[in-house]
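Chemist: Quick one: the structure is below, and I'll ask about it shortly.
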Amino acid sequence: MAAPDQDGPDKRGRKSSWVEPDRAEVEKEISRLNAMPNAELAETLAAFINSPDDVDQVLAYALRSPEVVRKARRLVDRIVREPEKYVGSPPASLGANGAREYVRRFRARAENEAVLLETVFAGIVARRGHHVPEPRPRARARRRLADEYPVRFLELVREEEAADRAAAEERRKQRDAARATGR
C-alpha cells in the first residue's frame, strides 16, 4: 500500500482529505476475514456491497487485499448470480417494481465489486510476470488455433468478413427494394 497519509496538494493545489486506513487495523480485519467460513464471508461481502460508497475503508482494503481477494472473487460471483439470496428483503414501501429495482441495483454494485476484485487479482498475477487467463475456454482455444495456424486463421477470418459483407449487401438491396415498392 501507499503511504499512510495522502494529504499532499492535488493538481489544483488543494489539500486532499483522503487518508488510508491504519495498516494494523487492516491486517486484523484480513485475519478475521480469512478465519470466516465461506457462507459468513459471503454475507459480510454482501453487506459491504449493499452499504453506500465503501463506508468501511478498513473492510474495503481487507476484502481487496491479496490475502482475501481469491476467496472474495469466488464468492462475489455467487452473489452476482443469486442476488436475491444475499440482498435481504427490500423495504416494504417500495412495492413490486421498487423491489426489483432494489435487487437490480444490488446486482450492479456486486458486478462492480467483481470487476474491482478481478482487477486486484490480475495485478497480483501481473506482479509475478503472468497474465490472467481468459475465463472462456472457447476464446482461449480460438486464440491458440490462431497462433498455431495463422495463415489458415486469416483465410477463415477473410471468408467470414466477405460473408458478412455479402449478407449486409443483400439486406441493403432488400431494404431498397421494399422502399421503392412502398412509395
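The values are calculated or read from the model by the stated rules, or taken from the named source; none is laboratory data. Keep in mind that what you see is a predicted model, and the values were worked out from it rather than measured. Neighbour counts run over all protein chains shown; Cβ positions are idealised from the backbone, glycine included. Only protein heavy atoms, including side chains, enter the accessible area calculation; ligands, DNA and RNA are left aside. Shrake-Rupley method; radii C 1.70, N 1.55, O 1.52, S 1.80 Å.
Chemist: How far is it, in nm, from the label point at A180 to the one at R142 when both lie 7 Å from their Cα along the line to the Cβ?
Modeler: If labels sit at A180 and R142, their model points lie 3.7 nm apart.
Chemist: In vacuo Debye scattering of the chain, one point per C-alpha: log10 I(q)/I(0) at q = 0.13, 0.18, 0.19 Å⁻¹?
Modeler: Each listed q maps to, in turn, -0.88, -1.17, -1.25.
Chemist: Spelling out what I want: for every residue of segment 87-104, take phi, set θ = phi - 60°, compute 6.51 cos²θ - 1.76 cosθ + 1.60 (Karplus), and round to whole Hz; glycine and proline get x.
Modeler: My calculation for segment 87-104 gives 6, x, 7, x, x, 5, 6, 6, x, 5, 5, x, 5, 5, 5, 4, 5, 4 Hz in order.
Chemist: So if the hydrodynamic radius of segment 77-183 is defined as the Kirkwood radius over C-alpha pairs, what does Stokes-Einstein give as its diffusion coefficient at 20 °C and 1.002 mPa s, in µm² per second?
Modeler: Estimated diffusion coefficient is 111 µm²/s.
Chemist: Would you work out the relative contact order for the chain, in percent, from Cα pairs under 8 angstrom that are 6 or more residues apart?
Modeler: Relative CO of the chain lands at 15 percent.
Chemist: Something else: With every protein chain present, what is the per residue accessible area of segment 53-183 (1.4 Å probe, Å²)?
Modeler: I get 74 Å² per residue for this part.
Chemist: Using a Förster distance of 25 angstrom, determine the FRET efficiency expected from the C-beta separation of K85 and E25, and round it to 0.05.
Modeler: FRET efficiency, K85 to E25: 0.25.
Chemist: Related question: Under the 0.36 nm per residue contour assumption, what length would be gained going from the current alpha-carbon distance of M36 and E155 to full extension?
Modeler: 37.5 nm
Chemist: Give me the percent of the accessible area of the chain that comes from carbon and sulfur atoms, probe 1.4 Å, all protein chains in place.
Modeler: It is 53 percent, rounded to a whole number.
Chemist: Right, another one. Using the Cα centre as the reference, give the magnitude of the dipole from point charges on the C-beta atoms of the chain (Lys, Arg: +1; Asp, Glu: -1; all else neutral), rounded to the nearest 20 debye.
Modeler: It works out to roughly 880 debye.
Chemist: By how many degrees, 0 to 90 and rounded to 10, does the Cα axis of helix 150-182 deviate from the longest principal axis of the chain?
Modeler: Between helix and principal axis, roughly 70 degrees.
Chemist: A follow-up question, please. Rounded to whole Hz and in sequence order, give me ³J(HN,Hα) for segment 57-70 from the Karplus expression 6.51 cos²θ - 1.76 cosθ + 1.60, θ = phi - 60°, writing x for Gly and Pro.
Modeler: Coupling constants for segment 57-70: 5, 4, 5, 4, 5, 5, 5, 9, 7, x, 6, 10, 4, 4 Hz.
Chemist: Okay, moving on. With a 10 Å cut-off between alpha carbons and a GNM built on the chain, which of D22, D56, D164 moves the most?
Modeler: For the chain, modelled as a Gaussian network with Cα springs under 10 Å, the answer is D164.
Chemist: Students sometimes get this wrong: rank Y86, Y102 by accessible area, probe 1.4 Å, all chains present, largest first.
Modeler: Result, largest first: Y102, Y86.
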